[in-house]
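Input: a single structure, listed below in structure tokens.
Only the coordinates and a few stated rules stand behind these numbers; no lab work does. Because the structure is predicted, anything quoted here is derived from the model rather than measured. Every residue, glycine as well, gets a Cβ built from its backbone with ideal geometry; the counts of neighbours run over all protein chains shown.
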Amino acid sequence: MSQVVVLVGTRKGLFILQSEDRRSWRTRGPFCESWPVYHAIYDDSSGTIYVAAGSEWHGAAVWRSSDLGETWDWSGEGLKYAEGEFPVTKVSSLTAAHGRVLAGVSAPGIFESTDGGVTWSHLSSLEGQPAQEKFKDPKNSPPGNLGLIATLPHPDDDQRFFANVQGYGVWETEDGGSSWTPRNQGFRADWPLEDPAWGYCVHKLLRSPADADRLFTMTHVGAYVSSDGGNSYTEITEGLPSDFGFAAAVHPHDRDTAYMIPLDPQHGRYMHDGQVAVWTTKDAGSSWQKLTKGLPGDGAYLGVLREGMSMDSLDEPGVYFGTSTGQLFGSADSGGSWSEIATYLPGITSVEAVVVD
Amino acid sequence: MNIHIPSTLTPLFPGLTRHIDVDACTVGEALERLDERYPGLRDRLCEPGKLRPHIHVYVDKERAELETPLRENARLDVIAAISGG
């Protein structure tokens, strides 16, 4: 019987929630020795959970489990630069596709594993790109020093994928990481740019599972959609309460449906007006609907981080998001109604929902 | 000489205990000996070429670095220093 598994990365380890009906949930954890977790994914092809982590004491590592968290192993072998280069302090992001796992790290770079996370080797730090001369130094990184905050594979081409560098923007390779092209056309910046090709703050980059050419982004200044595989973007902020947010999710079956959580763009960085709300578009950003049924309001000042929202892939997909103060919310009806799944977890950094047979 | 290991490290390496005897002339050498017995352990305590920022090492109660020499029967304490809540 299939079940929905939600991987919840927190500042104090990974938690795993499981449900067969999306109403009653079993919670296990904390795993990964309560290391700070920045991202957790499930590799459907191997049935392996991979967890991106960084300990203030013991450095960067990727934890893994091939039995849904019953047993764990970890590795940092190869997850480092040479002596004299900037140190890797954390693994910020993970993707698994085409038989390999890609890890984005600070200082910004991509490491790959082709043996299921046992060993790692440096793939690219976007060498040769003018921006790299600046972003390779952690002192030029935005707060958090996340570095390479995301890779985004192409479903049909193992040589082609995006890299998103915190505070600098998105690049694409079509040759497995040997060369890169900036892919930031259409994004706004509210700050001076050294070069209009880069310098954008793309908080979250998503590709529709239903159409590889359809992408959505939530950025520091605006929500955007692409219809040409990320070569260009059109702003779709109108209708949202602000142009700032971190978390977003795309519908597993409908290319035009996405979910975003706009936040106060100032110091607060919580949802607007003390009302927890998810906003959805069903027409690729032409219009937005506010979803609040079952979510707390009247004094609920909660924030959600960049990896904090995800959808499962059931026919009527579920939507899940976790807050930086440890609440996990879920909807089993595409956001029509919500309930609180967990209340007292550590601060949540990432949410990944998958269906496991 | 005797090395005292922080409790945060032992869950990462099956069989690793809090107290280990090794033969070494410097702190760096002592960590190399540990790494031979528990592959990967040195990287949990060191960045390339130096100790990690929140790993403090003391030789006979004096703050030490990788190059610090060790006398026979020295005590080496490896401390995971406080780094936030």
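Quick look at the numbers
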read-out	value
Interchain or long-range residues, amide H under 5 Å from A:ALA107's placed H	A:VAL88, A:THR89
Sequence of B:GLU72, A:GLU194 once ranked by neighbouring C-beta atoms within 10 Å, starting from the fewest	B:GLU72, A:GLU194
Rounded, prolate or oblate (a/c below 1.5 giving rounded, otherwise prolate when a/b exceeds b/c) for chain B by Cα gyration tensor	rounded
Mean separation of Cα contacts under 8 Å (6+ apart) over length of segment B:39-85, as relative contact order %	36
Most mobile of A:LYS90, A:LYS293, A:LYS204 in a GNM of chain A (Cα contacts under 10 Å)	A:LYS293
Residues whose placed amide H lies under 5 Å from that of A:GLY167, excluding near-sequence neighbours	A:VAL202
Calculated from backbone phi, Karplus (6.51, -1.76, 1.60) coupling profile of segment A:201-214 in Hz, x at Gly/Pro	10, 9, 6, 8, 10, 9, 10, 5, x, 8, 7, 5, 8, 9
Projected area, mean over directions - chain A, Cα convex hull, nm²	16.1
Amide H contacts of A:TYR38 (H built 1.01 Å from N, under 5 Å, at least 5 apart or other chain)	A:ALA52, A:ALA53, A:GLY54
Backbone HN-Hα couplings from phi across segment A:250-261 [Karplus 6.51/-1.76/1.60, Hz, Gly and Pro as x]	10, 5, x, 10, 10, 5, 9, 9, 9, 10, 9, 10
Backbone N under 13 Å from the A:ARG28 label point (7 Å along Cα→Cβ), restricted to segment A:49-78	A:49, A:65-73
Fraction in percent of alpha-carbon pairs per bin - 10 Å, segment A:86-135	25, 52, 21, 1
For B:43-54, mean number of other protein chain Cβ atoms within 10 Å	5
Relative contact order [Cα under 8 Å, 6+ residues apart], chain A, whole percent	12
Among B:LEU12, B:LEU41, B:LEU66: highest mean-square fluctuation, GNM of chain B, C-alpha pairs under 10 Å	B:LEU12
Cα-based convex hull, segment A:15-88, per residue volume (Å³, whole number)	108
Efficiency of FRET from Cβ geometry, A:ALA82 and B:ASP60, R₀ 35 Å, rounded to 0.05	0.60
Exposure proxy ranking, count of Cβ atoms within 10 Å, fewest first, for A:SER65, A:SER310, A:SER179	A:SER179, A:SER65, A:SER310
Whole-number percent relative contact order across chain B, with pairs defined as alpha carbons under 8 Å at least 6 apart	36
Between segment A:207-222 and segment A:239-268, the Cα center-to-center distance that results, in Å	11
Fewest-first ranking of B:GLU47, B:GLU62, using other Cβ atoms within 10 Å as the exposure measure	B:GLU62, B:GLU47
